[in-house]
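Notes for the one structure printed next.
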Amino acid sequence: MGAMSIQIAVCMAALTLSPADEVTVDQVDLIEVNHFYDDQGRLVFDQVIYYDWSEERSRYQVRDWRLLKTPTQIPLRDWRDGGYVSEWQDFKQRNGLRRVKAKAVRETWTQYDPELVEREFLAQEKRESLTRIQIASPYSQPRNSARSTTPRLPRSTTNEYQSSTTP
């Protein structure tokens, strides 16, 4: 029985010693959690839309969007640093770990797709999308400054996150 306890302890230690997952971090001005319903009031889909404020047009412009697939995509209040934050495995970009911080959040229930309507103001191909996730091979050597846009942060297991500064 003692040998089994040692094996379990060694396995637990090995798990805690694994390197932190690489997290791609983005900052936006507004996150919208949208629930889109059809004409009969049936839910069609849930989505999260990311906006940046446009000084030139004096309005929020869509930056990017994701279908809402997991509750971790819903931004939560960041009581430590202010604003809101969400962190999840981004299926749209090779399941990389993504964290998005925002100054404000709103939740809407509509019978139209706000992201689709916003294409009339700014074409989808002209939008600044969320940062592209870079997934390194476990066998590749780390590069010098090329990785500075994707800082290594500890993976959060709670709703709070570790603050970091990007060089």
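The values are calculated or read from the model by the stated rules, or taken from the named source; none is laboratory data. Note that the structure is predicted; figures quoted are calculated from it, not measured. Virtual Cβ from ideal backbone geometry, glycine too; neighbours counted across all protein chains shown.
Report, by residue number, each residue of segment 122-139 that is at pLDDT below 65 and closer than 15 Å to Lys92 by Cα.
Just the residues of segment 122-139 that are at pLDDT below 65, to begin with: 135-139.
Passing the criteria: only Ile135.
Being out of contact with any strand residue (DSSP E or B) (no Cβ under 8 Å at 6 or more places or on another chain) and of a type in the set (Val, Ile, Thr) is the filter here; which residues of segment 102-126 pass it?
Val117
Regarding segment 32-43, can at least one residue be identified that is among the aliphatic types (A, V, I, L, M) and modelled with pLDDT under 95? It would help to see each step written out before you state the result.
Taking segment 32-43 as the starting set, the residues that turn out to be among the aliphatic types (A, V, I, L, M) are 33, 43.
Remaining after also requiring modelled with pLDDT under 95: none.
Scanning segment 32-43, I find no residue that is among the aliphatic types (A, V, I, L, M) and modelled with pLDDT under 95, so the answer is no.
Residues that are surrounded by fewer than 16 Cβ atoms within 10 Å (Cβ to Cβ), modelled with pLDDT under 95 and of a type in the set (Phe, Trp, Tyr): does segment 89-105 have at least one?
Yes: segment 89-105 contains one or more residues that are surrounded by fewer than 16 Cβ atoms within 10 Å (Cβ to Cβ), modelled with pLDDT under 95 and of a type in the set (Phe, Trp, Tyr).
Taking into account only those residues within segment 39-59 that are surrounded by 11 or more Cβ atoms within 10 Å (Cβ to Cβ) and of a type in the set (S, T, N, Q), which is nearest to the chain's Cα centre (by Cα)? Talk me through it step by step, then tell me what you get.
So the first thing to find is which residues in segment 39-59 are surrounded by 11 or more Cβ atoms within 10 Å (Cβ to Cβ), and the list is 44-54, 59.
Subsequent filtering for residues that are of a type in the set (S, T, N, Q) retains 47, 54.
Values: Gln47: 13, Ser54: 21 Å.
Going through the qualifying residues, I end up with Gln47.
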